[in-house]
1. Scan region 132-170 residue by residue and report those that are small (Gly, Ala, Ser), touching a residue at least 24 places away in the same chain (Cβ under 8 Å) and either touching an Asp or Glu at 6+ places or on another chain (Cβ under 9 Å) or over 18 Å from Cys104 (Cβ atoms) (or both).
2. Are any residues in region 38-55 touching a residue at least 40 places away in the same chain (Cβ under 8 Å) and either outside any helix (DSSP H, G or I) or basic (Lys, Arg) (or both), and if so, which ones?
3. Being more than 22 Å from Val146 (Cα to Cα), over 16 Å from the mean Cα position of the chain (by Cα), surrounded by fewer than 20 Cβ atoms within 10 Å (Cβ to Cβ) and touching a residue at least 24 places away in the same chain (Cβ under 8 Å) is true for just one of Leu63, Leu58. Which residue is that?
4. I need a count of the residues in region 10-37 that are in a loop (DSSP other than H, G, I, E, B) and among the aromatic types (Phe, Trp, Tyr).
5. When you scan region 56-75, how many residues do you find that are part of a loop (DSSP other than H, G, I, E, B) and of a type in the set (Phe, Trp, Tyr)?
6. Of all residues in region 107-130 being in contact with a Leu (Cβ under 9 Å, 6 or more places away or on another chain) and aliphatic (A, V, I, L, M), which is farthest from Gly82 (Cα to Cα)?
7. Return the pairs, sorted by first residue and then second, in which the second residue is small (Gly, Ala, Ser) and surrounded by fewer than 16 Cβ atoms within 10 Å (Cβ to Cβ), the first residue lies in region 102-127 and is in contact (Cβ under 8 Å) with a residue 12 or more places away in the chain and on the phi < 0 side of the Ramachandran plot, the beta carbons are less than 9 Å apart, and the residues are 6+ apart or on different chains.
8. State whether the residues of region 13-20 include one that is within 22 Å of His144 (Cβ to Cβ), hydrophobic (A, V, I, L, M, F, W, C) and more than 14 Å from the chain's Cα centre (by Cα).
Amino acid sequence: MKINLKELTLYSLLGAVMYISKILLEFLPNVHLLGVLTVAYTVVFRKKALYPIYAFVLIIGVLNGFSVWWVPYLYLWTVLWGAAMLVPRFKNKYVYATILAVVCSLHGFLYGTLYAPFQALAFGLDFKGTIAWIIAGLPWDAVHGVSNLFLGALIMPAVRVLEKAKKITT
């Protein structure tokens, strides 16, 4: 996965775009473009999408602090990247776009559940405590999942823009 200077610059900027998009939408709890951007980056850059994803993770850690909440970011976005990598390309672009939006949405619905193993380890939660933590977060996960579904309509427009940016770096 060797990258050239143009790619390094692009991936760094895309990681910054993720961070800025998160900051701009913070007034809406659990509504953001991170899932959309992660899926779009994955569709266009495949394995190399990990570069902008982890640039974002690093940026958010540097600017917001490498605290206990940050550690799950090391794997949460990789789960979505992996799921998006598994989606086969469909000839019907509407079917493909819908499946990508659903994958993005499922990640939102499962966010708290994916976060829970680290919470259990970090705070010594037993199984019941972990389940209680997941249940307490379900309303927020519902907002996250529904917003990811609707914002998923932006995945393919983002893909078209990113494909143009990719041509510049090759």
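A short reminder: the numbers here are calculations on the coordinates, not readings from a lab. Just so it is clear, the model here is predicted, and its values are computed rather than measured. Reconstructed Cβ throughout: ideal geometry from the backbone, glycine too, with neighbour counts over all protein chains shown.
1. Across region 132-170, the qualifying residues are Gly137, Ala165.
2. Selection gives Lys47, Lys48.
3. Matching residue, one of Leu63, Leu58: Leu63.
4. If we filter region 10-37 for residues that are in a loop (DSSP other than H, G, I, E, B), which is where we start, we get 25-33.
From what's left, among the aromatic types (Phe, Trp, Tyr): 27.
Here the count works out to 1.
5. 3
6. Top of the filtered list is Ala116.
7. Cβ pairs passing all conditions: Gly108/Ala142; Phe109/Ala142; Gly112/Ala136; Gln119/Gly129; Ala120/Gly129.
8. Start the filter on region 13-20 by keeping residues that are within 22 Å of His144 (Cβ to Cβ), which leaves 14-15, 17-20.
Okay, now just the ones that are also hydrophobic (A, V, I, L, M, F, W, C), so 14, 17-18, 20.
After this cut, where a residue has to be more than 14 Å from the chain's Cα centre (by Cα) as well, the list is none.
Checked region 13-20: no residue is within 22 Å of His144 (Cβ to Cβ), hydrophobic (A, V, I, L, M, F, W, C) and more than 14 Å from the chain's Cα centre (by Cα).
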